[in-house]
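Shown next, in structure tokens, is the structure this report addresses.
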Amino acid sequence: MNAIKKGLKSALSWPAHRFAQLLTAERTALVTALLVTVLASAYQVAAPASGLAILCTLGAALALSYAGIKPWLRVVLMTFLLLGVLPYAGTLNPGVSSLMIQMFIYIALALGLNLVVGFAGLLDLGYIAFFAGGAYVYSIFASSQAAKFLPWFAANAPQGLGGWWFWAALPLALLVAAFMGIALGLPVMRMRGDYLAIVTLGFGEVIQVIARNLDTPINITGGAPGIAPIQAPTLFGMDMGQPTSLYYIGLVFVVLTAIAMYRIEHSRVGRALAAMREDDIAARAMGVPLVKMKLLAFATGASFSGGMGMLFAVKQHFINPDTFGFMESIGILAMIILGGLGSIRGVIVGAAAVTLLRFQFLPDLSALSANWGLPSAIDLTKYQPLIFGLILIVMMIYRQDGLIPATRRKENIAALEGPLPVPAGGTGTSVAK
Amino acid sequence: MEEGLRILPQILISGLVIGFLYAVVALGYTMVYGVLEFINFAHSEIFMFGAFIGFEVLMFLQKTSLLTTLPMVISLILTMLAAMIFSGALGWTVERLAYRPLRGAPRLVPLISAIGVSFFLQDAARIIWEALRGNWQLAVPPLYTGVLTMGPWQVAGAPLQLQVPYGAIVIMVSGLIMMFSLIWFVNKTKVGKAMRAVAQDRSTAALMGVNVDRIISTTFVIGGALGGAAGSLFAIRYTSITPYIGFILGVKAFTAAVFGGIGNLAGAVIGGLLLGIFEALGTAYLGPLTHGALKGPEYKDIFAFLILILVLVFKPAGLLGRTVGEKV
């Protein structure tokens, strides 16, 4: 009797009770989200050049991604921050746009490297080589460089192909980088993890040496001085080369990359990569085609790098081999280690944090120390390798999963993709008999 | 072609000299790999620190004008000894701080930590010597500057002369001494036996009463000392050092270790010598072979990488290594 009464009571009280609870939770989240957005925007607009303001705005965007509010509202608020506040701050101070483009490039690079290292567990230390490939594919034909070794260009396009070339080069850069990935991947597929690391490192060096020396016998890469100036893309006749407009291209690239990564992670390929990373022998036994999957991971990761290389060339207006050194590869590795291997949100946060540190806070601090009359040996901008090294060591010893570890979801594979395909030559039941 | 053959002996000698350096550094890689199955990325930086410590000792000797009064052999031994002690201690510290906490972690974890250590040490050296000397690119005080001239002999109707710098001879002699003492140490002493036991099977060695942690530390100290000695020899022979000399040389020495069969001491020596000779040949003859289209010295660093890929694809066990089945 008592039990029924209690059950009845709870049954009656729950909707209102739960609803109130939901509402308060929702309301708190809503108020917090709005407040955070408004405060960050106000700060960003009031002090556009301040690194702290950018940090607050990006922090607000991160908080929004966690907030328990309606998805559409989250999208609206984040769009407001990324498409309203930051570009507006960029018009007040072009440095903001410039920094953000750099950040977008690194976020996409880190996401691409995360596919290779985080998802597939293949330590690639020459990732910047693909980036260089994309940058050169675009730059050679978007400058006077092509005219130096191709007569057709000398006659028809001595200054490069023009603004439309960016869009035509994009698929080409992705393809070239993917092919570079496969070319590197094919000989190294059977190697163990640590050999792979050192071979990819060597590959990065080789690409740099080739870029530096391919000015003889035919001047293809421009040698050590590199290529300059590089033409900016146009879109419907608009010049997209200015930081304020390039910002949008960068943002689109990053959003597309992030969506692609999310889709890959939860696809059949993503699961195969994870299986391979955890135990390649077990994965092979379960029918994962290791070589195919490794090549796929290498090529896909490389193509993201190649695409971002183009954006980098546009942003810098010049490229030279020194831009594509080992330090850059390690910098990107430090980003994904800091954020969390295999964690998309973590990688984005890690890349944003390291970029802010490198291009905003360290220069700020070194300007400050110069103001105080400290010797230039304490110039913090030069300490980047030290900082990258420390990030790697400290994270490995104290927090191997990164700041925002990857979460594992239990997935119902049958519900996701329907019945599993029956392998040729037999059915599951015949094995059971 | 005649001219090309004429310079061959000289090329072989310079290749042999750099090959001895690769071999001594490769010993450090291969020892650590044998015991821990792990690429000690920071080994190249330990080599680099050896060069800088050697530089400091030579600077001190020069300042106190001992460099001219002491016999050269004493100066050499002092320089190498200081570099070996420092680098050995550095190797021990690195293992203790950055690798030991990660023992038993997935393979990539200590590797990434080692890359971090490598970057940290490289930049630390730059900072330290920029503060100490105002510059990180340093000219080493000359110790062995003379050149041994052999010949001229009459070969095919023209005189042939060989020139070997004393610094090169020092590298070859001390390299040989170090290699043979190491091989003797590992094969004949009790600690060496324990080392081989740990390399073969760590847990069984521990059960047999071997102090595994101490043996691993010893490995790092010896490997580091060898790297430091190679660094100081490099400084004496090539007289110009930067914090970045370790990186490429380290990759090449590792290639040498893989070439000879990783984990195998004699293999590391043979791999290092062969790699040095191949590289010298490639550098010298790439230009003439392509009729000047490609400049050999510019592509010098690629040869080692090509050899590494070829070895790993066609003979992953190396020249002297055994093929090891993967543990399931």
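The values are calculated or read from the model by the stated rules, or taken from the named source; none is laboratory data. Remember, it's a predicted structure, so these values are computed and weren't measured experimentally. Every residue, glycine among them, receives a Cβ derived from its backbone with ideal geometry; neighbour counts consider all protein chains shown. Just so you know, the surface numbers come from the protein's heavy atoms only, side chains and all, with ligands and any DNA or RNA stripped out. Shrake-Rupley method; radii C 1.70, N 1.55, O 1.52, S 1.80 Å.
Assorted remarks:
- Counting only helices (runs of 4 or more DSSP H) that sit wholly inside region B:147-233, those with at least 3 residues that are surrounded by fewer than 12 Cβ atoms within 10 Å (Cβ to Cβ) are B:166-188, B:202-207.
- Scanning region B:247-281 for residues that are of a type outside the set (S, T, N, Q) and more than 17 Å from B:PHE305 (Cβ to Cβ) yields B:GLY261, B:GLY263, B:LEU265, B:ALA266, B:GLY267, B:ALA268, B:VAL269, B:ILE270, B:LEU273.
To keep it simple, each residue is scored yes or no on (1) within 13 Å of chain B (Cβ to nearest Cβ); (2) closer than 30 Å to A:ASP279 by Cβ; (3) within 22 Å of the chain's Cα centre (by Cα); (4) β-branched (Val, Ile, Thr).
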position: A:TYR138; (1), (2), (3), (4): no, no, yes, no
position: A:ALA142; (1), (2), (3), (4): no, no, no, no
position: A:ALA146; (1), (2), (3), (4): no, no, no, no
position: A:TRP152; (1), (2), (3), (4): no, no, no, no
position: A:PRO158; (1), (2), (3), (4): no, no, no, no
position: A:GLY162; (1), (2), (3), (4): no, no, no, no
position: A:PHE166; (1), (2), (3), (4): no, no, yes, no
position: A:ALA197; (1), (2), (3), (4): yes, yes, yes, no
position: A:LEU214; (1), (2), (3), (4): yes, no, no, no
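- Test for A:ASP364: is it within 14 Å of chain B (Cβ to nearest Cβ), out of contact with any Phe, Trp or Tyr (no Cβ under 9 Å at 6 or more places or on another chain), more than 25 Å from B:ALA114 (Cβ to Cβ) and of a type in the set (Asp, Glu): no
- Test: residue in region B:125-144 that is open to solvent by less than 60 Å² (accessible area, probe 1.4 Å), under 30 Å from B:ASP213 (Cβ atoms) and in contact (Cβ under 8 Å) with a residue 12 or more places away in the chain: yes
- Within region B:236-253, considering residues that are away from every other protein chain (no Cβ under 12 Å) and of a type outside the set (Ser, Thr, Tyr), the one most open to solvent (accessible area, probe 1.4 Å): B:ARG237
- Filtering A:ALA33, A:ALA29 for residues that are in a helix (DSSP H, G or I), in contact with a Gly (Cβ under 7 Å, 6 or more places away or on another chain) and surrounded by 15 or more Cβ atoms within 10 Å (Cβ to Cβ) leaves a single hit, A:ALA29.
- Qualifying residue in region A:125-138 (condition: surrounded by fewer than 19 Cβ atoms within 10 Å (Cβ to Cβ) and among the hydrophobic types (A, V, I, L, M, F, W, C)): no
- Residue within region B:72-95 that is within 14 Å of chain A (Cβ to nearest Cβ) and either among the aromatic types (Phe, Trp, Tyr) or touching a Ser or Thr at 6+ places or on another chain (Cβ under 7 Å) (or both) present: yes
- Which listed residue, of B:ALA256, B:ALA268, is within 13 Å of chain A (Cβ to nearest Cβ) and open to solvent by less than 10 Å² (accessible area, probe 1.4 Å): B:ALA256
- B:ILE262 meets each of the listed conditions (1) over 17 Å from the mean Cα position of the chain (by Cα); (2) more than 8 Å from chain A (Cβ to nearest Cβ); (3) surrounded by 16 or more Cβ atoms within 10 Å (Cβ to Cβ); (4) not in a helix (DSSP H, G or I) apart from (1).
- Listed by position, the helices (runs of 4 or more DSSP H) contained in region A:235-329 that have at least 3 residues being of a type in the set (A, V, I, L, M) and open to solvent by less than 30 Å² (accessible area, probe 1.4 Å) are A:243-265, A:268-278, A:290-316.
- Among the residues making up region B:31-54, those that are closer than 30 Å to B:SER203 by Cβ, assigned to a helix (DSSP H, G or I), within 13 Å of chain A (Cβ to nearest Cβ) and open to solvent by less than 10 Å² (accessible area, probe 1.4 Å) are B:VAL32, B:HIS43.
- Check on B:GLY88, at pLDDT 90 or above and not acidic (Asp, Glu): yes
- Enumeration of residues in region B:284-309 that are without any contact (Cβ under 8 Å) to a residue 40 or more places away in the chain and within 21 Å of the chain's Cα centre (by Cα): B:PRO297, B:TYR299, B:LYS300, B:ILE302, B:PHE303, B:LEU306, B:ILE309
- Among the residues of region A:36-59, not a single one is more than 29 Å from A:LEU365 (Cα to Cα), of a type in the set (Gly, Ala, Ser) and surrounded by 20 or more Cβ atoms within 10 Å (Cβ to Cβ).
- Failed item, numbered, when B:SER113 is tested on (1) touching a residue at least 60 places away in the same chain (Cβ under 8 Å); (2) within 14 Å of chain A (Cβ to nearest Cβ); (3) open to solvent by less than 50 Å² (accessible area, probe 1.4 Å): (1)
- Only residues that are more than 7 Å from chain A (Cβ to nearest Cβ) and not basic (Lys, Arg) were counted in region B:289-310, giving 12.
- Hey, A:THR221 of a type outside the set (Gly, Ala, Ser) and either buried (at least 18 other Cβ atoms within 10 Å of the Cβ) or in contact with a Ser or Thr (Cβ under 7 Å, 6 or more places away or on another chain) (or both) or not: yes
- Remark: pairs (first residue in region A:378-403, under 17 Å from B:GLN122 (Cα atoms) and more than 8 Å from chain B (Cβ to nearest Cβ); second residue surrounded by fewer than 17 Cβ atoms within 10 Å (Cβ to Cβ) and small (Gly, Ala, Ser); Cβ separation under 8 Å; 6+ apart in sequence or on different chains) = A:ILE378/A:SER369; A:ASP379/A:SER369; A:ASP379/A:ALA370; A:LEU380/A:SER369.
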